[in-house]
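See below for the structure under consideration.
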Amino acid sequence: MQTVKVAIVILADTETHESLGRVVNALEAVKEFKDAGDDVQLIFDGAGVKWAVDLAKPDHKLHGLYEAVKDRVSGVCDYCAGAFGVHEAVKACDTPFLSEYDKHPSFRKLITAGYQVITF
């Protein structure tokens, strides 16, 4: 079976039931690619940076699923973590910051490395 390179990006905010559904789908997609042995990364960007903090809480209902894919988290947008007021909380979770391009993750870098990018 052929392996693929995929970057899953969570952009959804934490405020609605619809957003929760998007995050479940993102985490399940990461788990599916991981279980298949693919090269998969999970990135929190935009309002999605808030999920990096929420999912790390042991009492969050998605914490177990997050823990199953946590080793595939490449990081949180440095700029957006500041813009959405969670920079210190992300730092406390020991999640890396991504700042390759103007304090944001570099999607060009991912594309040139052969990654397909899927957003949720």
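A short reminder: the numbers here are calculations on the coordinates, not readings from a lab. Note that the structure is predicted; figures quoted are calculated from it, not measured. All Cβ positions, glycine included, derive from the backbone under ideal geometry; neighbour counts span all protein chains shown.
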Take the residues of region 90-120 that are in a helix (DSSP H, G or I) and crowded, with 18+ Cβ neighbours inside 10 Å: which is nearest to the chain's Cα centre (by Cα)?
-> V90
Taking V53 as the residue in question, decide whether it is under 23 Å from K103 (Cα atoms) and part of a helix (DSSP H, G or I).
-> yes
Residue check, C77 against (1) buried (at least 21 other Cβ atoms within 10 Å of the Cβ); (2) touching a helix residue (DSSP H, G or I) at 6+ places or on another chain (Cβ under 7 Å); (3) closer than 13 Å to F120 by Cβ, all met but one. Which one?
-> (3)
Given the residues E32, E28, E15, E67, which is the only one that is acidic (D, E) and part of a loop (DSSP other than H, G, I, E, B)?
-> E15
Which one is surrounded by the most Cβ atoms within 10 Å (Cβ to Cβ) among residues in region 80-89 that are touching a helix residue (DSSP H, G or I) at 6+ places or on another chain (Cβ under 7 Å) and outside any helix (DSSP H, G or I)?
-> V86
